[in-house]
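Report on one structure; see the data block that follows.
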Amino acid sequence: MTISTTSKSLPPRPSLESLRKQAKKLARDIDAGNTDAIARAQLQLPGVELPLTQRNAQLVIAREYGYSGWQNLTAEVSKRLGKGFDWAVDQSRHVIHDNDVERLKQLLAEYPSLLSWEGDEHGLLGIATGSYGDSFDPSKEQHFTRAECAELLIDAGAVVMPSVCDEILSARARGLLQLFHRKGLLPRTLKFFAALGDIDAVRTALDENENDLHTFTEAFTIACNFEHESIASLLLDEVIARDADLGPLIDGSGGRLDFAKYFIDNRPEHATKLGLWKAFVMERVNRTLYSWNGSETSLKDRRGDSYLSTFVELLQRESWLLGEDFVEFQTQIIGRAALHGRGEFITALLNLNPAILRCQPPPRSQAIEFAFTYANTHVIPILTRIWAVPDDLPHAAGMGNLSRVKEWFDDSGALALRGIENHYPSSPYMPEGRVAEYSRQWGPVSQQRVLDVALAWSIINSHLDVADFLLQQGANINTTWSSHEPASILHELVWHRNYEAMQFLIDRGIDMTIKDYRWNSTAQGWARYAAEDEKMAKWLEEAEEKRRR
């Protein structure tokens, strides 16, 4: 769709990067008070509020080229460059995220093969049903999944991969579960009957089939995950009937009812793989390290408690957890401790001589990444008993090593990384698949991304002298790097309640109107609604108003 107020035309082989740069330059020029730039913006967007956000700057550029929106402009660029289907897949991701059902209909009409595309995310239906986090709460399911898009895809005949149904169970997405049930897409198996809470179907399945221990264990954990206590109790009896050792252990720990309630309240992992008892013990160890399992409002005033003596007692009594078969669990415990800044728990674990100390090479883990991302670098010296801290720009910045940071630039001030594959996120400790996942969120690894992560880590860890230097060298203060999904560094600092670092960014001109990818909210919105910190929200509001004067 084009509009009449156009004065530019695209070249035969346009550059999307060039168009992005035009939008950035327009926003900068307006911010600097350039009257021609302001007039351009007001022509295309009458009454628009200045300074211009990046999204509005892109909209102005699109309309100057005769397109109603940025997506329409990028679509044309992709077609001219011969990227039709790949572009359609990428656009589908965006429109599903935006829950734009009408635009998704258009894409399906133009590219019918999207319905059979499988890709890395279980097809478009997998993208629509894939949950950002636990979706048991209806409001979270609404934010984390896209039921309307999923129903459109189902009705249009999209391929339903078995993994999609399993992912719905993992996410505890009750709305999607019911949608798939209504559409007749759920397998008629015990675990799905348990998830639906259909006790009659569960009893019928018990009568009709000779299910094995694995099947009953899986169904029990799913009944607990969906908080169907009566079904969980029924299935627990079936598990115990097939595992002679389990009954006495449960009876000695408080009884079957308490055991089922513990699984409902805490949802231990790995039960199907390792058995109910081992999963129960492992979760108890997890809870002694940090008891809270819900969302936090602040990383400074956490909701959970920690019990070091109980942690040590459990590991000493259940010493099998220290063996080679449970190195993965040891790795998870260390990562959890690094995320929450519980260095004393890592030390206590390592003092018990767990098998992870003898693994060569050490298992991949995000523990070091968590320490930098969540401002817990005080645990780094403990972590280096297992993993080496990479010698690269982001880690040097996060540690506040300004002299080493400067060595990653040449005499002219240009980056001299000597290969971006040698810098975070391509770190040796990173688990497989994470780098690819980050690329889908923030774009391919590039020198600018490395520089921007270095900036973020330096600010989060309060090394503001390093941050100042990196800004002078071209780091983007408006980078959308974040610990989870795209947002600004200002958003991230809300969780840390780091007013000094926030003021640093505000003084240097960070765009306070940037909205995050998931909630479409500014940092001020995060403070008010997610962190439940009205004082901080007011402080950010006043800072933004002061800048406008």
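Considering only region 46-60, state which residues are of a type in the set (A, V, I, L, M, F, W, C), closer than 22 Å to Glu544 by Cα and in contact (Cβ under 8 Å) with a residue 12 or more places away in the chain. Passing the criteria: Leu50, Leu52, Ala57. Just one of the numbered conditions (1) farther than 14 Å from Leu493 by Cβ; (2) modelled with pLDDT of 95 or more; (3) hydroxyl-bearing (Ser, Thr, Tyr) is not true of Tyr517: (2).
Could you list, in sequence order, the residues of region 151-171 that are part of a helix (DSSP H, G or I) and either in contact with a helix residue (DSSP H, G or I) (Cβ under 6 Å, 6 or more places away or on another chain) or charged (D, E, K, R) (or both)?
From region 151-171, those part of a helix (DSSP H, G or I) are 151-156, 162-171; that's our starting set.
Residues satisfying the conditions are Glu151, Leu152, Leu153, Asp155, Ala156, Val164, Asp166, Glu167, Ile168, Leu169.
Only one of the listed residues (Tyr111, Tyr132) is in contact with a helix residue (DSSP H, G or I) (Cβ under 8 Å, 6 or more places away or on another chain), more than 20 Å from Arg518 (Cα to Cα) and modelled with pLDDT under 95. That residue is Tyr111. Being under 30 Å from Glu148 (Cβ atoms), among the charged types (D, E, K, R) and free of Cβ contacts under 8 Å to residues at least 24 places away in the same chain is a description that applies to Arg188. Screening region 8-54 for residues that are surrounded by fewer than 16 Cβ atoms within 10 Å (Cβ to Cβ) and hydroxyl-bearing (Ser, Thr, Tyr) and picking the one that is farthest from Ile514 (Cα to Cα) gives Ser9. Given the condition surrounded by fewer than 20 Cβ atoms within 10 Å (Cβ to Cβ) and either in a loop (DSSP other than H, G, I, E, B) or modelled with pLDDT of 95 or more (or both), answer yes or no: does some residue in region 454-463 qualify? Yes, because at least one residue in region 454-463 is surrounded by fewer than 20 Cβ atoms within 10 Å (Cβ to Cβ) and either in a loop (DSSP other than H, G, I, E, B) or modelled with pLDDT of 95 or more (or both).
With respect to Ala338, determine if the residue is hydrophobic (A, V, I, L, M, F, W, C) and closer than 18 Å to Ser427 by Cβ. For Ala338, the condition - hydrophobic (A, V, I, L, M, F, W, C) and closer than 18 Å to Ser427 by Cβ - is met. Restricting Glu110, Glu76 to residues that are more than 19 Å from Ile154 (Cβ to Cβ), assigned by TED's automatic domain parsing to the domain that holds Ala41 and of a type in the set (D, E, K, R) narrows the list to Glu76. Given the criteria at pLDDT 95 or above, in a helix (DSSP H, G or I), under 29 Å from the mean Cα position of the chain (by Cα) and of a type in the set (Asp, Glu), does Glu313 qualify? Taking the combined requirement at face value, the residue does not satisfy it. Please verify whether Ala109 is over 27 Å from Gln42 (Cα atoms) and among the hydrophobic types (A, V, I, L, M, F, W, C), treating the condition exactly as stated. Taking the combined requirement at face value, the residue satisfies it.
How many of the residues making up region 101-140 are at positive phi and either assigned to a helix (DSSP H, G or I) or surrounded by fewer than 17 Cβ atoms within 10 Å (Cβ to Cβ) (or both)?
To start, the set of residues in region 101-140 that are at positive phi comprises 119, 122-123.
Now narrow it down to the ones that are either assigned to a helix (DSSP H, G or I) or surrounded by fewer than 17 Cβ atoms within 10 Å (Cβ to Cβ) (or both): 119, 123.
Selection size over region 101-140: 2.
Reported count of residues in region 330-358, each being surrounded by fewer than 20 Cβ atoms within 10 Å (Cβ to Cβ), out of contact with any Ser or Thr (no Cβ under 9 Å at 6 or more places or on another chain) and not small (Gly, Ala, Ser), is 7. Here is a check on your reading of the model: is Ala241 among the aliphatic types (A, V, I, L, M) and in contact (Cβ under 8 Å) with a residue 12 or more places away in the chain? So Ala241 fails the test. Contact map, region 22-38: first residue over 14 Å from Asp511 (Cβ atoms), second residue at pLDDT 90 or above and among the aromatic types (Phe, Trp, Tyr), Cβ cut-off under 9 Å, separation 6 or more or different chains; the map is empty.
If you go through region 485-493 one residue at a time, do you hit one that is charged (D, E, K, R), within 24 Å of Ser131 (Cβ to Cβ) and part of a helix (DSSP H, G or I)? Step through it out loud before you land on a result.
Start the filter on region 485-493 by keeping residues that are charged (D, E, K, R), which leaves 485, 492.
Imposing the further condition that a residue be within 24 Å of Ser131 (Cβ to Cβ) reduces the set to 485, 492.
If we keep only those that are part of a helix (DSSP H, G or I) too, we end up with 492.
Checking region 485-493: at least one residue is charged (D, E, K, R), within 24 Å of Ser131 (Cβ to Cβ) and part of a helix (DSSP H, G or I).
Residue-level check: of (1) part of a helix (DSSP H, G or I); (2) closer than 23 Å to Thr480 by Cβ, Val48 misses just (1).
The values are calculated or read from the model by the stated rules, or taken from the named source; none is laboratory data. These numbers come from a predicted model, not from an experiment. Ideal geometry is used to build each Cβ from the backbone, glycine not excepted, and the neighbour counts take in all protein chains shown.
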